[in-house]
Amino acid sequence: MEEEKRGFTQKRWVHTDSEGVEGGDVKSEDAKIKGEDIKSEVVQGEDVKSDDKTPPVKRQSPPTNQRGEEIVFQPCWPPPGYQFVPSGRPWVTWRCRKLAEKLFVVYHPRSRRKLGGPVGLHVPREVAEQASEEFEAKRESLSDWLLQDLGEKYPKMPPADKVKLHEKILQGDSEFIGKKAVRYDETMIMAHIRDHHTIFKSLVWKAERTGDREKIARARQRVRYRVAEILAIWRGEL
């Protein structure tokens, strides 16, 4: 009986031990699974953290032209202390570029295919004022020279005609200040004489409306001798 009890106890102990081993295997497997889950959670957490650390966005530098001047696009207002100088004034634009340490080139809005064209500059206000004052001074000097030149070439020209021609010549080159840029010759003087001191306008007033070039040409031929005579008088030759 004792041996049977011992055997039974031994078997029972063995059975218990086998269950314990199997239970340990289950626990170890659970532990492995839990460990893998923890590792995966850690890995996922690292991924989340790595996602949080996004690279800093690099700011693009503003566009510039070939001169290295910064470009801005309409609609835009000049910065504080700056003033807009429109395009179409070659000398003033050139002078502003010489005087200004920092300026902005204003462009039309960009399209999908190409850059818009320049429409002016944003320059410091004192620079724009100085450039405009210098331009006006040079234009005044040019105006005095033109009056003197007309007087020397046509000393017998009536004062009223000299003023009209002077204004007409300067208006044709309103943004230039050099003497070489002033375009006038005898053709302009002769056209003034023809229109204001002959019957040419009365001869062609209807032909100009209808576009009758032949009649206009005949009228020019008719008054050409009178034009040449007055021109000679203005030169002091007659």
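The values are calculated or read from the model by the stated rules, or taken from the named source; none is laboratory data. Being a predicted model, the structure only gives us computed values, none of them experimental. Backbone-built Cβ (ideal geometry, glycine too); neighbour counts: all protein chains shown.
Odds and ends about this structure:
- Those helices (runs of 4 or more DSSP H) lying entirely in the stretch 91-210 with at least 2 residues under 30 Å from Glu70 (Cα atoms) and of a type in the set (Asp, Glu): 125-153
- Residue match in the stretch 181-196 (condition: modelled with pLDDT under 90, in the same structural domain as Gln221 (by TED's automatic domain parsing), within 19 Å of Ile230 (Cα to Cα) and crowded, with 16+ Cβ neighbours inside 10 Å): yes
- Taking the criterion of being outside any helix (DSSP H, G or I) and either touching a helix residue (DSSP H, G or I) at 6+ places or on another chain (Cβ under 8 Å) or basic (Lys, Arg) (or both), the only residue of the stretch 225-238 that qualifies is Leu238.
- Per the conditions (1) part of a helix (DSSP H, G or I); (2) under 30 Å from Arg89 (Cβ atoms), the sole criterion not satisfied by Arg222 is (2).
- Selection within the stretch 173-192 - under 29 Å from Arg220 (Cβ atoms) and touching a Lys or Arg at 6+ places or on another chain (Cβ under 8 Å): Asp173, Met188, His192
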